[in-house]
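The values are calculated or read from the model by the stated rules, or taken from the named source; none is laboratory data. All of these numbers come straight from a predicted model, not from anything done at the bench. Glycine gets a Cβ as well: all are built from the backbone with ideal geometry, and neighbour counts include every protein chain shown. Just the protein is used for accessible areas: all its heavy atoms, side chains included, with ligands, DNA and RNA removed. Shrake-Rupley method; radii C 1.70, N 1.55, O 1.52, S 1.80 Å.
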Amino acid sequence: MAVFTPVTDADARALLQHYNLGELVSLRGISAGIENTNYFLTTTTGEYVLTLFEVLTFEQLPFYIELMHHLAEKGIPVPSPQTLKNGQRLTRMHDKPCAIVTRLDGSYVPEPNLKHCALAAQTLAQTHLAAQDYPLTQPNLRSLPWWEQTIPAILPFLNAEQHQLITTVLTEQQAFFASELYAQLPSGPAHCDLFRDNVLFAGTAEQPVMGGFIDFYFAGCDTWIFDIAVSVNDWCIERDTGTFLLEPLRAWLGAYHAIRPFTEAEKQAWPLVLQAAALRFWVSRLYDFYLPRPAQTLKPHDPTHFERVLQARRQPQISLDELIG
Ligand SMILES: Nc1ncnc2c1ncn2[C@@H]1O[C@H](COP(=O)(O)OP(=O)(O)OP(=O)(O)O)[C@@H](O)[C@H]1O
Ligand SMILES: N[C@@H](CCO)C(=O)O
């Protein structure tokens, strides 16, 4: 149950005094999620999600909250943070930062079909374009500097083969990040965690409708192609082996490319970016598994899954040109 900080009806009523969102109708804890306290909040004006941030601080949150606001204002389907009477979109409850955002329609689709893949990809391309003029900047906090800092802490838990793999890939990525090719990659605010469980769909399997993207709390400025690689590494794979499923992969990349065409640099960088995206989650899962923080101990994700994904991405890859052709 992802309610680390209980919220009572009386707490919600007191909070709603500071918004123009009407009166409390109901409040229900959300069981999914491992990072924040989330409640579905229904008021006389609509349905919302109340989040109490358990890890992120008041100072770290504006980048994420204002990014969602910026995107929502441009019609991108993301939770829209609600504005308090004082003009802010962040407040406090039980000494935790908290926000109320709109509840999106739809639910998580564990086994997406080609239409789901194409819709997610189109929405990601639109998100990248819509975020181009977002004025705040914050790097992806789970990028190279974090890998460099975290890998030494997890090395003692790895066997010789894993040790060799992780240190080799880190060295290759350090060279890649320092390269001219890397500097040419288009970048901007990116979701950086667009797994299947962070996309909601309404409609039917035959005619899915995009509900929207949730969980922007790993977002940051990064290369757009990294955001795509993170996504396809989760959406377009055979779950047991981590190898790509070609039909979903073509659907994803083709739909993205139709809205925001890939550059030559992105095509060249593709195999290394796929590995970067796999490494990012192998490292975070190893870290959460061996060195968990209290708020993250409920459901440690399996680190070996991303070890397999990384190994699969180190095999020769089909070129981006071929995949979108
Ligand atoms: N704006 C929203 N609209 C509809 N449903 C939402 C919304 N925000 C969250 N949810 C629901 O709440 C669940 C938990 O939210 P979320 O995934 O953001 O949890 P978390 O603990 O913050 O993050 P994590 O995924 O890192 O554990 C989601 O799976 C989704 O079902
Ligand atoms: N998507 C991440 C969890 C953080 O949201 C993972 O699967 O490791």
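So here's what we get for this one:
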{"read-out": "Options ALA269, ALA255, ALA278, ALA265: the member that is within 16 Å of ligand 2 (Cβ to nearest atom) and either in contact with a Leu (Cβ under 7 Å, 6 or more places away or on another chain) or part of a helix (DSSP H, G or I) (or both)", "value": "ALA278"}
{"read-out": "Subset of region 183-225 that is farther than 21 Å from LEU136 by Cα and of a type in the set (Val, Ile, Thr) - its residue that is farthest from ligand 2 (Cβ to nearest atom)", "value": "THR204"}
{"read-out": "Among residues of region 233-252, those that are at pLDDT 95 or above and more than 16 Å from ligand 2 (Cβ to nearest atom), counted", "value": "11"}
{"read-out": "Helices (runs of 4 or more DSSP H) enclosed by region 106-221 - at least 3 residues per element that are hydroxyl-bearing (Ser, Thr, Tyr), surrounded by fewer than 21 Cβ atoms within 10 Å (Cβ to Cβ) and assigned by TED's automatic domain parsing to the domain that holds HIS257", "value": "160-177"}
{"read-out": "Residue under evaluation ARG250, criteria (1) free of Cβ contacts under 8 Å to residues at least 12 places away in the same chain; (2) in a helix (DSSP H, G or I), criterion not met", "value": "(1)"}
{"read-out": "Matching residues in region 235-246 - criterion: being over 12 Å from ALA121 (Cβ atoms) and either of a type outside the set (Asp, Glu) or in contact with a helix residue (DSSP H, G or I) (Cβ under 6 Å, 6 or more places away or on another chain) (or both)", "value": "ILE237, ARG239, THR241, GLY242, THR243, PHE244, LEU245, LEU246"}
{"read-out": "Verdict on GLU73 being of a type in the set (D, E, K, R) and under 20 Å from the mean Cα position of the chain (by Cα)", "value": "yes"}
{"read-out": "Qualifying positions in region 202-235 - aromatic (Phe, Trp, Tyr) and either at positive phi or in contact with an Asp or Glu (Cβ under 9 Å, 6 or more places away or on another chain) (or both)", "value": "PHE216, TYR217, PHE218, TRP224"}
{"read-out": "Some residue of region 295-318 being away from ligand 2 (no atom under 15 Å from the Cβ) and among the acidic types (Asp, Glu)", "value": "no"}
{"read-out": "Search result, residues across region 196-220 that are near ligand 1 (Cβ under 8 Å from one of its atoms) and closer than 13 Å to PRO110 by Cα", "value": "ASP197, ASN198, LEU200"}
{"read-out": "Region 155-166 residues that are farther than 13 Å from ARG314 by Cβ, paired with ones that are open to solvent by 80 Å² or more (accessible area, probe 1.4 Å) and aromatic (Phe, Trp, Tyr) (beta carbon under 9 Å, 6 or more apart)", "value": "PRO156/TYR290; PHE157/PHE289; PHE157/TYR290"}
{"read-out": "When residues of region 80-116 are limited to those that are touching a Lys or Arg at 6+ places or on another chain (Cβ under 9 Å) and within 23 Å of ALA255 (Cα to Cα), the one nearest to ligand 1 (Cβ to nearest atom)", "value": "TYR108"}
{"read-out": "Matching residues in region 223-241 - criterion: being closer than 17 Å to LEU200 by Cα and of a type in the set (Gly, Ala, Ser)", "value": "SER231"}
